[in-house]
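Have a look at the structure below, then the notes.
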Amino acid sequence: MSFLTTNYSENKQETGFSPLPSGEYEMLIVNAQEKATPSGAESLQIDLVVRNDLNGVPTLSATNGKFYNRRVFNDNWKRKATGMYDTQGFQYILEAAQVPEGTPINSIMDFICLLVGKPVRVYVKQEENTYNGTTTMVNRIAPWNYKKTEFPTVQHVLKKKESADPFQSAPVFGDSDMPF
C-alpha cells in the first residue's frame, strides 16, 4: 500500500498572500526586530497584524471585517548617509502607540519593548515594487501613517505563531493581560 497517490483535483490557488487593499486598519504590533539584507542594508522591521477583535465593527467592515489576522511588515531603513535610523519617523509610531511624552528610550531594544503589544491605527498603501526586473504589488506603511487607535480595549486573540512580547508568547491580550 502506498503512502500517497497524487491527485491534484482538490488543489486550489490560495489568494491569502496578496497585499492588503489600501486603507486604514486597526492593528496590533506583535513584534519588532532589526534585520539586515545580504548586502548589509539594515532595518527595524515592525510586524503588525490586523486585529480580529474588531471584525464585527460596521465602520471597519471593508478592512478589519474582511482581513483580520492578516500580517503586514513595516521596514524602517537606516539611512545610507548616516548609518542611523530616522528617529523623527519613529516619533509618529511612538505617539500612535501612546508612549508618554518625554519617555527616555536608551536603546533599540527599549524602543521595541515600548511598541510590542500596542494597538495602532495604520494607513496601509498598496503599490507596485520592481526588484530584479519583476514587478509585484506590495504593502507600504509610512511612519506618519501611524495613528492612535480608535479602539484602545484590545481583545485580539493571537494565533500560536504570533508573539506580542519580544521575550515570550502570549495567547490573548485584554486590558488586564498587557505586559506593560
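Every number in this text was worked out from the coordinates using simple rules, so none of it is lab data. A quick note: this is a predicted structure, and the numbers were derived from the prediction, not measured. In this analysis, Cβ positions are derived from the backbone assuming ideal geometry, glycine residues included, and neighbour counts consider all displayed protein chains.
A compact table of results
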read-out: Ellipsoid semi-axes in whole angstrom, largest first, where each is sqrt(5λ) of the Cα gyration tensor of the chain; value: 29, 23, 18
read-out: Formal net charge of residues neighbouring Ala96 (Cβ-Cβ distance under 9 Å; K, R +1; D, E -1); value: +3
read-out: Cα-only Debye scattering, the range 70-116: base-10 log of I(q)/I(0) at q = 0.20, 0.25, 0.32 Å⁻¹; value: -0.76, -1.09, -1.36
read-out: ³J(HN,Hα) computed for each position of the range 24-40 - Karplus, 6.51 cos²θ - 1.76 cosθ + 1.60, integer Hz, glycine/proline x; value: 8, 10, 7, 10, 10, 7, 9, 6, 8, 7, 7, 9, 9, 7, x, 7, x
read-out: Distance (nanometres) between label positions extended 7 Å along Cα→Cβ at Lys80 and Asn7; value: 5.5
read-out: Positive-pole candidate from Ala41, Tyr25, Leu4, dipole of the chain, charges at beta carbon; value: Leu4
read-out: Placed amide H near Tyr85: partners under 5 Å, 5+ positions off or other chain; value: Arg79
read-out: Pairs of lysines in the range 23-148 (C-alpha under 19 Å apart; 8 or more residues apart or interchain); value: 7
read-out: Under 15 Å from the Ser22 label point (7 Å along Cα→beta-carbon), backbone N, the range 116-154; value: 123-129, 137-142, 145
read-out: Lys, Arg +1 and Asp, Glu -1 on Cβ, resulting dipole of the chain about Cα centre, debye, nearest 20; value: 320
read-out: J(HN,Hα) series, the range 122-128, from Karplus relation 6.51 cos²θ - 1.76 cosθ + 1.60, nearest Hz, glycine and proline x; value: 10, 8, 9, 10, 9, 8, 7
read-out: Backbone N under 14 Å from the Glu150 label point (7 Å along Cα→Cβ), restricted to the range 33-71; value: 54-65
read-out: Dipole of the chain, positive end: most advanced residue of Gln98, Gln88, Ala142 [Cβ charges, Cα centre]; value: Ala142
read-out: Anisotropy class of the range 1-84 from Cα gyration tensor, a/c 1.5 cut; value: oblate
read-out: Additional length obtainable on full extension of the chain from Ser39 to Asn106, 0.36 nm per residue less Cα span; value: 21.4 nm
read-out: Total formal charge among the other residues, if their Cβ is under 10 angstrom from that of Val72, Lys/Arg +1 and Asp/Glu -1; value: +2
read-out: The chain, relative contact order in percent, only Cα pairs under 8 angstrom and at least six apart counted; value: 24
read-out: J(HN,Hα) series, the range 71-76, from Karplus relation 6.51 cos²θ - 1.76 cosθ + 1.60, nearest Hz, glycine and proline x; value: 10, 9, 10, 10, 8, 10
read-out: Helix axis angle, 87-96 relative to the chain longest principal axis, alpha carbon, degrees; value: 80
read-out: Computed [θ] at 222 nm, helices only, for the chain once each DSSP H run of length n ≥ 4 contributes -39500 (n - 2.57); value: -3000 deg cm²/dmol
